[in-house]
Amino acid sequence: MSTMLHHEEELWDHGFSRIVGTDEAGRGPLAGPVVVAGVVFEKHALIEGVTDSKALVESEREHFFELIQQKALAYHIAIIGHEEIDRINILQASLMGMRECVEKLPIKADYVLVDGHMEPCPKNHEYGNKQRAIIKGDAKSFTIAAASILAKVTRDRLMVEYDRIFPKYYFAKNKGYPTPEHVEALRTHGLSTVHRRTFCAGILSEQLGLGL
């Protein structure tokens, strides 16, 4: 059995059959939403080649994006906008998205695997004792890796759409991350309506002199 199913196998052995993997894309950018995906497969399901979305090229991600949706028992994609990120901070926005993905799945999962350090559901939640956070989980768990692909492809497509609306910021190229080109565009044009004001203020206000 693939090492990418190690965590899933352990849970299957303990009687959990519908395991939802969750991951996010877009915690670090200066603009756009954070996108979170949750996906659940039949026991022993595996799509060869699925791994951390960051380790795949765009054409591979696009291929697996369609295949994952075809093969999954169920999936949900949550989009938490820049205004909500500014209101509650990026960590809470990411956890909110993960909870939404778990709670709004078309079928009920019985265990949650999460990429990262933190579990999204509080201990008094129905999944409070049925969740596991795995550091670098998108490279260790097939289910989390599949979620990472759904999240990243969805967010990248959104940023390409934003590029058509705000071409001065090169979102199709930088996806909202603070590349030198993006920073220079901010210096020249200021913020667009999809920039995260807290990020720009906290990270770049001194460089840009925006007075945020």
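Here, each number is a calculation from the coordinates, and none is a lab measurement. Predicted model, so just to flag it, every value in this text is computed and none were measured. Here the Cβ is made from the backbone with ideal geometry for all residues, glycine too, and neighbour counts use every protein chain on show.
Quick notes on this structure:
- Cβ-derived FRET efficiency at R0 25 Å, Ala172 paired with Ala45, nearest 0.05: 0.15
- Close amide H pairs (under 5 Å, H built 1.01 Å from N) link Tyr177 with Leu30, residues at least 5 positions away or on another chain.
- Label-point gap, in nm, between Glu10 and Arg132 - each point 7 angstrom along Cα→Cβ: 0.4
- Between helix 180-189 and the chain: long-axis angle, C-alpha atoms, 0 to 90°, nearest 10: 50
- With Cα atoms as the point set, the chain shows a radius of gyration and Dmax of 17.8, 57 Å.
- Beta bridges per DSSP, both residues in the chain: antiparallel share near 65 percent.
- Highest-first packing order for the peptide set 38-50, 119-131 is 38-50, 119-131, based on the mean count of other beta carbon atoms within 10 Å.
- Per-residue [θ]222 nm for the chain (sum of -39500 (n - 2.57) over DSSP H runs n ≥ 4, rounded to 500): -12000 deg cm²/dmol
- Straight-line reach from Lys104: taking Cα to Cα under 28 Å and skipping same-chain neighbours fewer than 8 places apart, the lysines in range are Lys43, Lys54, Lys71, Lys123, Lys130, Lys136, Lys140, Lys152, Lys175.
- Rounded to the nearest 20 debye, the dipole size of the chain about its Cα centre is 440 debye, using +1 on the Cβ of Lys and Arg and -1 on the Cβ of Asp and Glu.
- The separation of segment 134-166 from segment 42-58, counted between C-alpha centres, amounts to 12 Å.
- 0 to 90° range, to nearest 10: angle between helix 90-103 axis and the chain longest Cα axis: 40
- If the segment from Ala201 to Asn124 were pulled out straight at 0.36 nm per residue, it would be longer than the present Cα-Cα gap by 24.2 nm.
- Cα long-axis angle, helix 142-165 against the chain (0 to 90 degrees, to the nearest 10): 30
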